[in-house]
Amino acid sequence: MNLKDRIPWQIKLIAKIILARVPVKYNFWKHLSLFSHGPMNHPEYAYGVFKKHFDRVGLSRKDNFVALELGPGDSLFSALIAYAFGAAETYLVDAGSFAVRDLRAYRLMAEFLTEKGLPTLDVSTFDTLEGLLEACSGHYFTSGLSSLKAIPDSSVDFIWSNAVLEHVRKREFAPMMCELRRIIAENGVCSHTIDLRDHLGYALNNLRFSHALWESEFMVRSGIYTNRIRYSEMLNIFKQAGFDAQVVNKQSWDTLPTPVNKFNKEFRRLPEEELKIWEFDVVLNPSAPL
């Protein structure tokens, strides 16, 4: 266990609340590993995430499928990777502009794909990230739910996310799933990995707080927010949005890492087996025509 893991969750909470209000750009905090939107700026990791979801849904490397990643985070590598796998167009939708813009990072991604024997672009021929995205038909949108509303109906064949859905604001979660259902093609498919742990001590400390406090702008903007939607409730939202959900993997604790008596009352009544689920993978298919 490293020093960071030994820090009590309460100290992490206070530190992040304070640091989130210091007027410093995201890239500074990312460099210090204090705030990060995942390791998607590492070629091998980004490739592994894409391939896991791509292989899971049974897509073949054929031309002309349209892909969408929710929460690309610290890079837009997925545009290059999807292009290498035959995507005709790729949407990358996030809640802000977090992706690295230095083209040297994208050259490393292209070199990685070349080593894999996959087609890619010569990144050295581009002067800007926008030019590179245009060449591989990539579209980077940074307004979350609002961005999804700009995508045409039934136009996307493959949607994926990796430890992203738990960060969607609770009040926006059902509307976002409805937007995904609107834009997915009738024979399209979604693959999502969802992490239900808190982002303080990777336990359930986020369930200690009342709804009013946790959903306040104060907490949402503190770099620790997850929507606290539990497993069964999330599956029900998928169904209500018009998806059939197939859970293909589920991880549970043997014992709860946070005592139930420490939870806010809205979570104490949930079955313990429900609370023990800390991660799951789900494949979503449209259940019926809209």
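The values are calculated or read from the model by the stated rules, or taken from the named source; none is laboratory data. Since we're looking at a predicted model, the values are computed, not measured. Positions of Cβ are backbone-derived with ideal geometry, glycine not excepted, and every protein chain shown enters the neighbour counts.
For M234, state whether it is modelled with pLDDT under 95 and assigned to a helix (DSSP H, G or I). The answer is no for M234.
Based on what the data block shows, is P271 out of contact with any helix residue (DSSP H, G or I) (no Cβ under 8 Å at 6 or more places or on another chain) and either in contact (Cβ under 8 Å) with a residue 24 or more places away in the chain or surrounded by 14 or more Cβ atoms within 10 Å (Cβ to Cβ) (or both)? Give the steps one after another, and end with the answer.
Working: out of contact with any helix residue (DSSP H, G or I) (no Cβ under 8 Å at 6 or more places or on another chain): yes; either in contact (Cβ under 8 Å) with a residue 24 or more places away in the chain or surrounded by 14 or more Cβ atoms within 10 Å (Cβ to Cβ) (or both): no.
So P271 does not fit the description; no.
Checked against the criterion of being modelled with pLDDT of 95 or more and either crowded, with 18+ Cβ neighbours inside 10 Å or more than 23 Å from L59 (Cα to Cα) (or both), segment 218-225 contains not a single residue that satisfies it.
Y231 meets each of the listed conditions (1) over 30 Å from D254 (Cα atoms); (2) touching a strand residue (DSSP E or B) at 6+ places or on another chain (Cβ under 7 Å) apart from (1). When S161, S155 are screened for being in contact (Cβ under 8 Å) with a residue 24 or more places away in the chain, hydroxyl-bearing (S, T, Y), under 25 Å from Y83 (Cα atoms) and surrounded by fewer than 20 Cβ atoms within 10 Å (Cβ to Cβ), only S155 passes.
So which residues in segment 186-202 are among the hydrophobic types (A, V, I, L, M, F, W, C) and touching a helix residue (DSSP H, G or I) at 6+ places or on another chain (Cβ under 7 Å)?
C190, I194, L196, L200
Select from segment 170-207 the residues that are touching a residue at least 24 places away in the same chain (Cβ under 8 Å), within 19 Å of L13 (Cα to Cα) and over 17 Å from the mean Cα position of the chain (by Cα) and list them in ascending order. L200, G201, A203, L204, N205, L207 - these are the residues of segment 170-207 that are touching a residue at least 24 places away in the same chain (Cβ under 8 Å), within 19 Å of L13 (Cα to Cα) and over 17 Å from the mean Cα position of the chain (by Cα).
So which residues in segment 96-122 are among the aromatic types (F, W, Y) and in contact with a His (Cβ under 9 Å, 6 or more places away or on another chain)?
Within segment 96-122, the subset among the aromatic types (F, W, Y) is 98, 106, 112.
Hit for segment 96-122 is F98, nothing else.
Which pairs do you get when a residue that is more than 12 Å from L80 (Cα to Cα) and in contact (Cβ under 8 Å) with a residue 12 or more places away in the chain, found in segment 118-136, comes within reach of a residue that is crowded, with 16+ Cβ neighbours inside 10 Å and among the hydroxyl-bearing types (S, T, Y), reach meaning Cβ atoms under 9 angstrom, with the pair 6+ apart or on two chains? Between residues of segment 118-136 that are more than 12 Å from L80 (Cα to Cα) and in contact (Cβ under 8 Å) with a residue 12 or more places away in the chain and residues that are crowded, with 16+ Cβ neighbours inside 10 Å and among the hydroxyl-bearing types (S, T, Y), the close pairs are F126/Y106.
Touching a residue at least 60 places away in the same chain (Cβ under 8 Å), of a type in the set (D, E, K, R) and touching a Ser or Thr at 6+ places or on another chain (Cβ under 9 Å): does that describe R101? So that I can check it myself, show each step before the final result.
Working: touching a residue at least 60 places away in the same chain (Cβ under 8 Å): no; of a type in the set (D, E, K, R): yes; touching a Ser or Thr at 6+ places or on another chain (Cβ under 9 Å): yes.
So R101 fails the test.
If the condition is being free of Cβ contacts under 8 Å to residues at least 40 places away in the same chain and assigned to a loop (DSSP other than H, G, I, E, B), then segment 249-268 contributes W253, D254, T255, P259. When A110 is tested against the conditions (1) surrounded by fewer than 20 Cβ atoms within 10 Å (Cβ to Cβ); (2) free of Cβ contacts under 8 Å to residues at least 40 places away in the same chain; (3) on the phi < 0 side of the Ramachandran plot; (4) not polar (S, T, N, Q), the lone failure is (1).
For segment 46-63, the criterion of being modelled with pLDDT of 75 or more, part of a loop (DSSP other than H, G, I, E, B), surrounded by 14 or more Cβ atoms within 10 Å (Cβ to Cβ) and β-branched (V, I, T) is met by at least one residue. Number of residues in segment 76-127 that are out of contact with any helix residue (DSSP H, G or I) (no Cβ under 7 Å at 6 or more places or on another chain) and β-branched (V, I, T): the value is 3.
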